[in-house]
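Comments concern the structure below.
The values are calculated or read from the model by the stated rules, or taken from the named source; none is laboratory data. All of these numbers come straight from a predicted model, not from anything done at the bench. Because the Cβ atoms are built from the backbone with ideal geometry, glycine has one as well, and the counts that use them run over all protein chains shown.
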Amino acid sequence: MSRRPRIAVITFPGSNDDRDALRAIRLMGGEPVPVWHGDRELPEADAVILPGGFSYGDYLRTGAIAQFAPVMEAVRAHAADGRPVLGICNGFQILCEAGLLPGALIRNRGLAFVCRRLHVRVETALTPMTAGLVAGDVLEVPIKHGEGQFVAEPDALARIEDQGLVVFRYCSPGGDLGEEHNPNGSVNHIAGVRSEQGNVVGMMPHPEHAVDPDVGPLGGQPLFESLLSSLLAGVR
Amino acid sequence: VKYRFEVVVMLKEGLLDPQGKAVENAIQSLGVSNVSDVRVGKNIQLTVEASDEADHRDVIADVVADVLHPLAEKVLSNPVIERFSVRPLREDPR
């Protein structure tokens, strides 16, 4: 019998999407593994998710304190080993602060906290999350954040674009880009990026809230399917 | 002996500061029209224990270079989006 991929979800003080992430993993056929931020080691896990929320009350900067949590050394090692790490919303902010992803996330243009469904366009299949998709695919997913404006300095942004590190862009239901489809002012409509190796992915939208037909859009399903398939293909 | 410092952290000039923009709009809604370029940053104050030497300025320079700059780069600011400045709040130990 093939085993189910084990996916760790880290709970920081102030995380609040950890349970939804654990539930989504289970619904999609993986084995969820809860992990406490104070642990120095990760349990045996094929992938790690840093969930959404407001770790440490967003003090100093979003994700700024969480990057120094004891468990983060193990997350860095997991990432350096080429294994998948996904940061969602606050998890994305933490990965940027930790230097595992390029760029940074600042207060939304317009300052408003934005909570709604929208669409993102897949820009690359070269990540475990998008391996089962093709560039141009459009997914409907929810966002809910106050500090999701992706920024990078011009030379860093050029590098991100040249190296194909953009994974998702905000778009219309038909996949068109435009300021009216950009909820937070992110430069180049960027909703998610990856590391150069491709195994670390961060995204502001919430795939873990988009896997259950009873309560929302289903744009998260193909992302979890991709991740689980990637993990099964790579099971050691 | 202890010295007191402040670290000021600001978003880099090239980045639009949404908070500063909102404050600027509020100021203009008061009818004050000659204020512009409002930017909001952080002021972090901290005490550092250092060796007791006659020349305070030397000690302060060492603390800034060896302690506060590394801390500001690693924790107090995010060099991707912010710049910082450090200054002593007094020229002598408090």
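Just the residues that are of a type outside the set (Lys, Arg) and within 18 Å of the chain's Cα centre (by Cα), please, taken from region B:38-61.
Filtering region B:38-61 down to residues of a type outside the set (Lys, Arg) leaves B:38, B:40-41, B:43-56, B:58-61.
B:Val38, B:Val40, B:Gly41, B:Asn43, B:Ile44, B:Gln45, B:Leu46, B:Thr47, B:Val48, B:Ile60, B:Ala61, listed by residue number.
I'd like to check something: does region B:71-80 contain any residue that is under 17 Å from A:Ala104 (Cβ atoms) and of a type in the set (Gly, Ala, Ser)? Full working, then the answer.
Here is the first cut: in region B:71-80, the residues under 17 Å from A:Ala104 (Cβ atoms) are B:72-80.
Remaining after also requiring of a type in the set (Gly, Ala, Ser): B:72, B:77.
Yes.
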| message | Yes or no: region A:94-116 includes at least one residue that is surrounded by fewer than 16 Cβ atoms within 10 Å (Cβ to Cβ), modelled with pLDDT of 95 or more and of a type in the set (Lys, Arg). | response | yes
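Per-residue answers, yes or no, for (1) touching a residue at least 12 places away in the same chain (Cβ under 8 Å); (2) farther than 20 Å from A:Tyr59 by Cα; (3) in a helix (DSSP H, G or I):
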residue: B:Val8; (1), (2), (3): yes, no, no
residue: B:Val23; (1), (2), (3): yes, yes, yes
residue: B:Ala26; (1), (2), (3): no, yes, yes
residue: B:Asn34; (1), (2), (3): no, yes, no
residue: B:Ser51; (1), (2), (3): yes, yes, no
residue: B:Pro70; (1), (2), (3): no, no, yes
residue: B:Asn78; (1), (2), (3): no, no, no
residue: B:Arg83; (1), (2), (3): yes, no, no
residue: B:Pro93; (1), (2), (3): yes, yes, no
Among residues of region B:1-41 being polar (S, T, N, Q) and within 14 Å of another protein chain (Cβ to nearest Cβ), the residue surrounded by the fewest Cβ atoms within 10 Å (Cβ to Cβ) is B:Asn25
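With the structure loaded, tell me whether A:Leu27 is over 30 Å from B:Glu73 (Cβ atoms) and surrounded by fewer than 21 Cβ atoms within 10 Å (Cβ to Cβ) or whether it fails that test. Step through it out loud before you land on a result.
On the way: over 30 Å from B:Glu73 (Cβ atoms): yes; surrounded by fewer than 21 Cβ atoms within 10 Å (Cβ to Cβ): yes.
Yes.
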Residue pairs within 6 Å by beta carbon, gap of at least six or interchain, first lying in region A:64-82 and away from chain B (no Cβ under 14 Å), second of a type in the set (Lys, Arg), listed first then second, are A:Pro70/A:Arg40
Of the residues in region A:156-179 that are closer than 18 Å to A:Ser195 by Cβ and without any contact (Cβ under 8 Å) to a residue 12 or more places away in the chain, the one that is nearest to the other protein chains (Cβ to nearest Cβ) is A:Ala158
| said: Given the condition at pLDDT below 95, among the aromatic types (Phe, Trp, Tyr) and over 25 Å from A:Asp81 (Cβ atoms), answer yes or no: does some residue in region A:42-63 qualify? | reply: yes
Restricting attention to region A:54-63, the residues that are crowded, with 23+ Cβ neighbours inside 10 Å and either without any contact (Cβ under 8 Å) to a residue 24 or more places away in the chain or out of contact with any Phe, Trp or Tyr (no Cβ under 9 Å at 6 or more places or on another chain) (or both) number exactly 1
Taking region A:91-123 and keeping only residues that are more than 11 Å from chain B (Cβ to nearest Cβ), more than 14 Å from the chain's Cα centre (by Cα) and outside any loop (DSSP other than H, G, I, E, B), one is left with A:Val114, A:Cys115, A:Arg116, A:Arg117, A:Leu118, A:His119, A:Arg121
